[in-house]
1. Would you point out which residue out of Ser271, Ser210 is of a type in the set (Gly, Ala, Ser) and under 28 Å from Glu113 (Cα atoms)?
2. Within region 392-407, does at least one residue satisfy the condition of being touching an Asp or Glu at 6+ places or on another chain (Cβ under 6 Å), in contact (Cβ under 8 Å) with a residue 12 or more places away in the chain, open to solvent by 10 Å² or more (accessible area, probe 1.4 Å) and of a type in the set (S, T, N, Q)?
3. Quick one: which residue in Ala430, Ala412 is modelled with pLDDT under 85 and either open to solvent by less than 70 Å² (accessible area, probe 1.4 Å) or part of a loop (DSSP other than H, G, I, E, B) (or both)?
4. Report yes if some residue within region 53-68 is within 13 Å of the ligand (Cβ to nearest atom), part of a loop (DSSP other than H, G, I, E, B) and in contact with an Asp or Glu (Cβ under 9 Å, 6 or more places away or on another chain); otherwise report no.
5. If we scan region 127-141, do we find a residue that is away from the ligand (no atom under 15 Å from the Cβ), without any contact (Cβ under 8 Å) to a residue 12 or more places away in the chain and aliphatic (A, V, I, L, M)?
6. Taking Phe6 as the residue in question, decide whether it is over 21 Å from Trp197 (Cα atoms) and at pLDDT below 95.
7. If the requirement is being under 21 Å from Phe398 (Cα atoms) and either surrounded by 19 or more Cβ atoms within 10 Å (Cβ to Cβ) or touching a Cys at 6+ places or on another chain (Cβ under 9 Å) (or both), which of these qualifies: Arg41, Arg47, Arg20?
8. Find the residue count for region 79-93, including only residues that are exposed (fewer than 14 other Cβ atoms within 10 Å of the Cβ) and more than 12 Å from the ligand (Cβ to nearest atom).
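The values are calculated or read from the model by the stated rules, or taken from the named source; none is laboratory data. All figures in this text were calculated on a predicted structure; none of them were measured in a lab. Glycine gets a Cβ as well: all are built from the backbone with ideal geometry, and neighbour counts include every protein chain shown. Accessible surface is based on the protein model in full, side chains and every heavy atom, while ligands, DNA and RNA are left aside. Shrake-Rupley method; radii C 1.70, N 1.55, O 1.52, S 1.80 Å.
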Amino acid sequence: MRLNPFTGAYLTDPASVWRRILDDPAGVHYAEDLGLWLISRHEYVRRGLADAATFTNALTLAPVYEICPEAMGVVMQIDAPPTTAAADPPVHPRTRRALRATFANTPDRVEAEYGEIVRRRVDQLVSRLVARQGDQVDLVANFATELPLLVVLDILGVPDADIARIRRWADGQIALIWGQPDPAEQVRLAQGLLEFWRYCQELVRQRVDSGHRADDFISRALTYRDDDDAVLTVPEVASLAFNLLVAGHETTAGLLAHALDQALSTPQRWSAMAADPRIVPAFVAETLRFAPAIDGWLRVTRRDVTLGEVTIPAGARCLLLIGAANRDPAVFTHPDRFDPHRSDVGDHLSFGHGPHFCIGAGLARLEATIALTRLAAAIPGLRLTPEQHRSYKPNVAFRAHHTLSAIIDIMAPVSVPSAREAAAAEARIAGQ
Ligand code: HEM
């Protein structure tokens with residue numbers, strides 16, 4: 001089985017590739033070009049995500065490809081201790097406990113602790129767009145990637161002035177680990193990653209040295225640790241911040257872009273949201289299933305494991321194809337149909353499953369719901385430009401739009417019935 005995530009159909013129509021892989025009876029394949037085992041069925045992906053005794057997270061955040069020695073030399077200087085997504089027991093449960101205590105992750109806590117931040121940042125960006133009435137804008141650069149980054153900076157207590165370099169470092173990390181940069185680029189990205197790590201250490205050091213605790217994540221984590229390294233070390237606090245600054249924005253940016261794409265590609269959907277915001281949460285849930293922002297995720301087998309007819313050897317790197325699992329007909333009826341009314345949507349695996357289930361799922365849902373609701377209310381006539389060429393950044397894990405170009409039109413579109421609807425209405429009137 002071949003899969004090239006960096007070119008061809010996977011960059012323009014990944015669902016066609018997932019369909020081809022799902023249609024193959026084995027459900028598990030070795031992709032020689034990638035050096036990865038591809039796991040596609042819902043049942044197997046779910047197991048790969050949840051079964052920590054068989055699948056380790058140790059290399060989940062390590063580059064997919066062997067990087068050049070010079071870049072590796074730089075990466076080796078990043079002494080961030082593994083926490084949460086990069087950790088296995090016993091470190092994982094301990095650092096996850098710390099995160100659950102200090103980062104809001106249930107719907108009620110997310111609303112209470114982050115609702116005001118999200119609404120303020122959404123309103124700020126929406127007003128900026130409204131001011132550009134009549135213009136053509138890229139919704140990815142001007143909204144989808146901007147909002148989650150601003151929100152996560154507020155939550156962590158990081159100044160807005162640092163937004164540009166954090167975005168550059170985080171984009172670089174995603175390209176270095178899950179992309180295919182050439183050696184010169186690898187060195188540049190690795191240097192950026194090292195600077196990023198030092199920046200996170202500095203954020204923590206400032207609070208440790210001053211003893212000042214504000215109401216931000218880093219301060220909370222330091223209070224939680226209470227000078228006890230057995231609870232959480234200071235480098236682990238920096239490592240959590242390092243991970244959250246990337247996990248907290250690149251993913252939700254993808255979700256927002258996919259949701260806007262789905263909503264605006266069929267103008268009736270956008271008008272329906274503007275008219276009735278109650279439909280937005282179900283729309284967000286179906287977007288998560290249909291177009292996950294992370295559609296492939298890495299694990300390594302600790303021992304031989306047999307899935308169906310195929311045995312994967314111990315020590316093998318596996319790519320769990322979340323995007324394919326979310327389209328598995330064994331679980332979802334008409335899986336290739338975007339249907340916000342579906343009853344099986346809760347079975348999607350877009351936030352993972354089991355012990356590593358996404359800690360930011362509640363925040364991502366809240367951000368997407370408020371963002372779509374307020375944008376549709378303020379700009380009901382928003383529409384994609386007709387010459388849209390949809391394509392995604394070359395990456396094994398993150399499915400991110402390059403651009404999404406739209407026209408800002410704050411007027412609600414005039415509702416013009418189709419010829420068939422007009423004829424049906426006339427017939428009804430004639431029959432009365
Ligand atoms: C649409 C948005 C998001 C998607 C699709 C997403 C996806 C995921 C997935 C698939 C995992 C499982 C990783 C694994 O099993 O190894 C995960 C874990 C995680 N996510 Fe998210 N995420 C999103 C938003 C966020 C946000 C907003 C934050 C925080 C601000 C966040 C923080 C984390 C953390 C810390 C973990 C690791 C949890 C652990 O290992 O115990 N994510 N996410």
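1. On the way: Ser271 fails: under 28 Å from Glu113 (Cα atoms).
Within the list Ser271, Ser210, the selection yields Ser210.
2. The answer is yes, given that some residue of region 392-407 is touching an Asp or Glu at 6+ places or on another chain (Cβ under 6 Å), in contact (Cβ under 8 Å) with a residue 12 or more places away in the chain, open to solvent by 10 Å² or more (accessible area, probe 1.4 Å) and of a type in the set (S, T, N, Q).
3. Numbers: Ala430 fails: either open to solvent by less than 70 Å² (accessible area, probe 1.4 Å) or part of a loop (DSSP other than H, G, I, E, B) (or both).
The conditions single out Ala412.
4. Of all residues in region 53-68, those within 13 Å of the ligand (Cβ to nearest atom) come to 55-62.
So of that shortlist, the ones also part of a loop (DSSP other than H, G, I, E, B) come out as 57-62.
Restricting the remaining residues to those that are in contact with an Asp or Glu (Cβ under 9 Å, 6 or more places away or on another chain) gives 57-58.
Checking region 53-68: at least one residue is within 13 Å of the ligand (Cβ to nearest atom), part of a loop (DSSP other than H, G, I, E, B) and in contact with an Asp or Glu (Cβ under 9 Å, 6 or more places away or on another chain).
5. Scanning region 127-141, I find at least one residue that is away from the ligand (no atom under 15 Å from the Cβ), without any contact (Cβ under 8 Å) to a residue 12 or more places away in the chain and aliphatic (A, V, I, L, M), so the answer is yes.
6. Details: over 21 Å from Trp197 (Cα atoms): yes; at pLDDT below 95: yes.
For Phe6, the condition - over 21 Å from Trp197 (Cα atoms) and at pLDDT below 95 - is met.
7. Numbers: Arg47 fails: either surrounded by 19 or more Cβ atoms within 10 Å (Cβ to Cβ) or touching a Cys at 6+ places or on another chain (Cβ under 9 Å) (or both); Arg20 fails: either surrounded by 19 or more Cβ atoms within 10 Å (Cβ to Cβ) or touching a Cys at 6+ places or on another chain (Cβ under 9 Å) (or both).
Testing whether each residue is under 21 Å from Phe398 (Cα atoms) and either surrounded by 19 or more Cβ atoms within 10 Å (Cβ to Cβ) or touching a Cys at 6+ places or on another chain (Cβ under 9 Å) (or both) leaves just Arg41.
8. Total satisfying the criteria: 2.
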